[in-house]
Amino acid sequence: MSVGCSPAPLLNLFISRDGYRVEENLAYGSEARQKLDIYTPEHSAGKAPVILFFYGGSWQNGRKEDYLAFGATFASKNIVVAIADYRLYPQVRYPDFLNDCAAAFAYVHAHAADYGGDPGRIFIAGHSAGAYNAVMLAADPHYLEEAGAQLSWVRGVIGIAGPYDFLPLTDPALIKLFGGKDRSDTQPINYIDGKRPPMLLVAGSADETVSPGNVYRMAAKLRSFGSPVEEKIYPGAGHVGILLSLAPVFRGNTTLRKDIIRFVETH
């Protein structure tokens, strides 16, 4: 399995710069890549829900600046959005990037109110490798606890085209990154041993990078422990196309935007 490819530069070409403000490079740690951007609706009415988003890129590449589309799409719907960088391979290996993601969550919880957000309504989201990060924080709560946060602070999790049960690894870089090709302790599905926050897990039926089977298996495991979970497979959508569908010009390809907004409003 290879978890990469970013549609972000193409997405950003179609995104308006109106209706929201962006606070850039807020440091949640001391390292160069431990920074995040916060998108705030210009006309927020009261405390808004918050989405903390982690991008994909095989845990080897990616920049928060490239995900303007995600921030703008949901800030325009009165949702505060934080998009975080995190350290990547080869600077770090598993599980260091998860520690970064947990620290970013703790920062967002502490500062959400400063940007019109409700610290009691924080959702964690991600695409591809970022979806792994988001789901793993809820699956194995010790990362949040070590960062001074709590699983109960997570209102919900949104996984977009994510890998949650993907052994054995075959890509040499991923084998080095995760410390072996068949380490069961790297798989989010193996940490589900009780009820977890509500999850929305989605994928495209034409995804050839991350098998949609990850969604079905993870949803079944969550459901077996009484966790509220919704899985959705978008017909014909690929690994890149599913995220592209957030941009106005591609929005008819899936209902991802509506589904995320509904999930946030419901929970």
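Tabulated results
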read-out: Every residue from the stretch 234-257 that is under 14 Å from LEU201 (Cα atoms), of a type outside the set (A, V, I, L, M) and out of contact with any strand residue (DSSP E or B) (no Cβ under 6 Å at 6 or more places or on another chain); value: HIS239, THR255, ARG257
read-out: Filtered residue count, the stretch 187-216, keeping only those that are outside any loop (DSSP other than H, G, I, E, B) and either over 24 Å from ARG262 (Cβ atoms) or modelled with pLDDT under 95 (or both); value: 4
read-out: Every residue from the stretch 155-168 that is in contact with a strand residue (DSSP E or B) (Cβ under 9 Å, 6 or more places away or on another chain) and open to solvent by less than 10 Å² (accessible area, probe 1.4 Å); value: GLY156, VAL157, ILE158, GLY159, ILE160, ALA161, GLY162, TYR164
read-out: Residue among ASP140, ASP171 that alone is acidic (Asp, Glu), open to solvent by 10 Å² or more (accessible area, probe 1.4 Å) and more than 17 Å from the chain's Cα centre (by Cα); value: ASP171
read-out: Odd one out for TYR164, checked against (1) more than 18 Å from PHE123 (Cβ to Cβ); (2) free of Cβ contacts under 8 Å to residues at least 60 places away in the same chain; value: (1)
read-out: Test: residue in the stretch 148-162 that is of a type in the set (Ser, Thr, Tyr) and outside any loop (DSSP other than H, G, I, E, B); value: yes
read-out: Output for the stretch 49-67, where each listed residue is in contact with a strand residue (DSSP E or B) (Cβ under 8 Å, 6 or more places away or on another chain) and surrounded by fewer than 24 Cβ atoms within 10 Å (Cβ to Cβ); value: PRO49, LYS64, GLU65
read-out: Complete set of residues in the stretch 174-185 that are surrounded by fewer than 20 Cβ atoms within 10 Å (Cβ to Cβ) and either in contact with a Gly (Cβ under 8 Å, 6 or more places away or on another chain) or of a type outside the set (Asp, Glu) (or both); value: ILE175, LYS176, GLY179, GLY180, LYS181, ARG183, SER184
read-out: Whichever residue in the stretch 88-136 is in a helix (DSSP H, G or I) and of a type in the set (Ser, Thr, Tyr) and, among such residues, is farthest from SER44 (Cα to Cα); value: TYR132
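The values are calculated or read from the model by the stated rules, or taken from the named source; none is laboratory data. Predicted model only: the values in this text are computed from it and were never measured. Using ideal geometry, Cβ is built from the backbone for each residue, glycine included, and neighbour counts are taken over all protein chains shown. What goes into the accessible areas is simple: the full protein's heavy atoms, side chains included, and nothing from ligands, DNA or RNA. Shrake-Rupley method; radii C 1.70, N 1.55, O 1.52, S 1.80 Å.
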